[in-house]
Amino acid sequence: MSGTDGASGTGTDILDRLRAELREGDAGLIALVTAGIYVLFTIFAILGPSRGVGGVVAALQAVTFWTALYAMLVLALNLHWGYAGLFNIGVAGFMAVGVYTFAAITAPTGGSPPGLGLPLWVGVVGGMVMAAVAGAVVSLPALRLRADYLAIVTVAFSEIVRLTLLSTTFQQFTLFANVPFLPEVPLGTGAGRGINIPINPTIPVKSLFYTNPMNPASGGRTALGDAVISAFGAVGVRETVVVSLAYTVVLLGFVALFYWLLRRIGNSPFGRVLKAIREDELVANSLGKDTRLFKVKVFMVGCALMGLGGILWETQKGFTDPTSTTFMPIQTFYIFIALMIGGAGSNTGSVLGGGLFASLLFLGPQYVSRIFTKYFVSGEAPTTMVAALEPLGAADPGPLFAYTLQNVSALRFVLVGVVLILLMQFRPTGLLGHRKEVAASVDLSDRGGRPGTKGARPAADGGDSDE
């Protein structure tokens, strides 16, 4: 065979593999679900108050943004619960540790409260390291506790972190005070007033568009920013949506990084031990594996990813405080629901679960509320359910619609409850949790010869395996 024919054959093989992956693999499944979500939110945007191309782009950017955020946290939780069977319901606490460590490291020294004024990347690394250290501390009870007991420890840790951040004792304090040979370092959490985060992950993105990314209003646009913002503005897309869209692309890159990392971990010997621990820790321990050390390691890695996810989630606003819903126990509940939808133990299921939760349960009720408010609801909404149901006798559903939409947050909880009931009834393992995993690190179904050799693979008795 000539060199040209070999190159052509290689190109054909690659195309065939791509087609097979899109048709049968995870890439095709993710693309299909994403396309369905985008079609649905395009319809929402067309029917909603903000019409035109600008409204559609804003809706798609919003759903992609929240999908990326939830997908990262669900993947991190999947490393604990889906891979190792560790019941961690303190995700919000580890996110808070990462966020506040990042804020303390990057906040200006003269701020209120003050920080260390270090660069962005130092804050990101520091936040991940501190979240991992917190995970190591919390995982020590995991050496003896299982299931519900570990869950109690993690949720208690989450609440301890949140209440500590609210305490005025740590609003502003001095680190290493009265410690010989160490400099005094003023720091603080800001307590209930929160803490400003002027240096945050959006700054590198904004630097593409503005000459002064920390305060775009005080400067001008870069050449690239002027061209991109003007091009999108010509079709009705707002400037803020363009910048948010660029940051959303960065988040998608981190989702891909999380996915790649978990896939590598799952296919490694370390990952196979984690799955053995999940199925039966006693058996894994009897095979000579130090299961305690494995659990500590995986807990630290997962918590570091949660800290990074919290930094990318919360700090992009440039401000945070302990009362943020990001640090509330309900956020951990949402992340767990997304994991249950996709299926524990499946990385693809984690991404799909994050996307379905963010689109249908988190953002969906808000968009439906706007549509019904625009077309069907007029007048003031009733204040009680009884007052909302009474007009139904006169075939007037308007008050009921108005009451429901005014309490859209409660409607979200109703939808979550319905989804949980349906999952437990028809798909208790989630959408992709039923997938079987190959225990070996190589494809045992491959009966071909070794790379670079011709003919069949030798059999154990010295003959050929195809004889």
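The values are calculated or read from the model by the stated rules, or taken from the named source; none is laboratory data. Source: prediction; values computed, not measured. Cβ placement follows ideal geometry from the backbone for every residue including glycine, while neighbour counts extend to all protein chains displayed.
Scan segment 143-153 and give yes if some residue there is more than 26 Å from VAL298 (Cβ to Cβ), touching a residue at least 40 places away in the same chain (Cβ under 8 Å) and within 27 Å of the chain's Cα centre (by Cα), otherwise no. So far as segment 143-153 goes, no, none of its residues is more than 26 Å from VAL298 (Cβ to Cβ), touching a residue at least 40 places away in the same chain (Cβ under 8 Å) and within 27 Å of the chain's Cα centre (by Cα).
The residues on offer are THR373, THR332, THR383, and the sole one that is under 15 Å from the mean Cα position of the chain (by Cα), farther than 21 Å from LEU29 by Cβ and not aliphatic (A, V, I, L, M) is THR332. Which of the residues spanning segment 344-377 are within 22 Å of ARG263 (Cβ to Cβ) and among the hydroxyl-bearing types (Ser, Thr, Tyr)? Listed by number, the residues that qualify are SER346, THR348, SER350. Residues considered: PHE87, PHE157, PHE102. Of these, the only one that is touching a residue at least 24 places away in the same chain (Cβ under 8 Å), under 30 Å from LYS206 (Cβ atoms) and either in contact with a Leu (Cβ under 7 Å, 6 or more places away or on another chain) or not in a loop (DSSP other than H, G, I, E, B) (or both) is PHE102.
Quick check: is even one residue across segment 123-133 more than 22 Å from the chain's Cα centre (by Cα) and free of Cβ contacts under 8 Å to residues at least 60 places away in the same chain?
Narrowing segment 123-133 to residues more than 22 Å from the chain's Cα centre (by Cα): none.
Scanning segment 123-133, I find no residue that is more than 22 Å from the chain's Cα centre (by Cα) and free of Cβ contacts under 8 Å to residues at least 60 places away in the same chain, so the answer is no.
When segment 234-243 is examined, which residues are found to be assigned to a helix (DSSP H, G or I) and touching a helix residue (DSSP H, G or I) at 6+ places or on another chain (Cβ under 6 Å)? Walk me through it before giving the result.
The first filter runs over segment 234-243 and keeps only residues assigned to a helix (DSSP H, G or I), leaving 239-243.
Those that are assigned to a helix (DSSP H, G or I) and touching a helix residue (DSSP H, G or I) at 6+ places or on another chain (Cβ under 6 Å): GLU239, VAL241, VAL242.
Take LEU245 and decide whether it is within 22 Å of the chain's Cα centre (by Cα), surrounded by 15 or more Cβ atoms within 10 Å (Cβ to Cβ) and modelled with pLDDT of 90 or more. Step through it out loud before you land on a result.
Numbers: within 22 Å of the chain's Cα centre (by Cα): yes; surrounded by 15 or more Cβ atoms within 10 Å (Cβ to Cβ): yes; modelled with pLDDT of 90 or more: yes.
In short, yes.
Among the residues making up segment 194-243, those that are farther than 30 Å from PRO113 by Cβ, out of contact with any strand residue (DSSP E or B) (no Cβ under 8 Å at 6 or more places or on another chain), β-branched (Val, Ile, Thr) and free of Cβ contacts under 8 Å to residues at least 40 places away in the same chain are VAL228, VAL242.
Taking the residues in segment 194-223 that are of a type in the set (Val, Ile, Thr) and part of a loop (DSSP other than H, G, I, E, B) as candidates, determine which candidate is nearest to PHE170 (Cα to Cα). Before you say what the answer is, go through the steps one by one.
Of the residues in segment 194-223, the ones of a type in the set (Val, Ile, Thr) are 195, 197, 199, 202-203, 205, 211, 222.
Filter once more, keeping what is part of a loop (DSSP other than H, G, I, E, B): 197, 199, 211, 222.
Numbers: ILE197: 17, ILE199: 22, THR211: 36, THR222: 41 Å.
Here the answer is ILE197.
One residue alone among ALA92, ALA76 is under 16 Å from ASP321 (Cβ atoms), assigned to a helix (DSSP H, G or I) and touching a residue at least 24 places away in the same chain (Cβ under 8 Å), and that residue is ALA92.
If you scan segment 79-89, which residues turn out to be over 17 Å from PHE327 (Cβ atoms) and of a type in the set (A, V, I, L, M)?
Answer for segment 79-89, where residues must be over 17 Å from PHE327 (Cβ atoms) and of a type in the set (A, V, I, L, M): LEU79, ALA84, LEU86.
The residues of segment 161-185 that are surrounded by 13 or more Cβ atoms within 10 Å (Cβ to Cβ), part of a helix (DSSP H, G or I) and β-branched (Val, Ile, Thr), listed by number, are VAL161, THR164.
For first residues located in segment 51-67 and without any contact (Cβ under 8 Å) to a residue 40 or more places away in the chain and closer than 13 Å to ARG238 by Cα, partners that are in a helix (DSSP H, G or I) and of a type in the set (S, T, N, Q) and lie 6+ apart or on another chain with Cβ distances below 6 Å form the pairs VAL56/THR42. Please tell me if SER139 is of a type in the set (Ser, Thr, Tyr) and assigned to a helix (DSSP H, G or I). Yes, satisfied.
Only helices (runs of 4 or more DSSP H) whose full extent lies in segment 275-348 are considered here, and the ones with at least 3 residues that are closer than 18 Å to SER158 by Cα are 291-314, 329-342. Residues in segment 338-365 that are within 14 Å of LEU73 (Cα to Cα) and surrounded by fewer than 22 Cβ atoms within 10 Å (Cβ to Cβ): 1 in all.
Could you pull out the residue among THR332, THR373, THR323 that is surrounded by 17 or more Cβ atoms within 10 Å (Cβ to Cβ) and closer than 30 Å to THR202 by Cα?
Numbers: THR373 fails: closer than 30 Å to THR202 by Cα; THR323 fails: surrounded by 17 or more Cβ atoms within 10 Å (Cβ to Cβ).
Every option except THR332 fails the conditions.
Among the conditions (1) buried (at least 18 other Cβ atoms within 10 Å of the Cβ); (2) under 35 Å from the mean Cα position of the chain (by Cα), VAL368 misses just one, which is (1). Only residues that are farther than 15 Å from VAL63 by Cα, of a type in the set (Gly, Ala, Ser) and either touching a Leu at 6+ places or on another chain (Cβ under 6 Å) or in contact (Cβ under 8 Å) with a residue 12 or more places away in the chain (or both) were counted across segment 244-259, and they come to 0.
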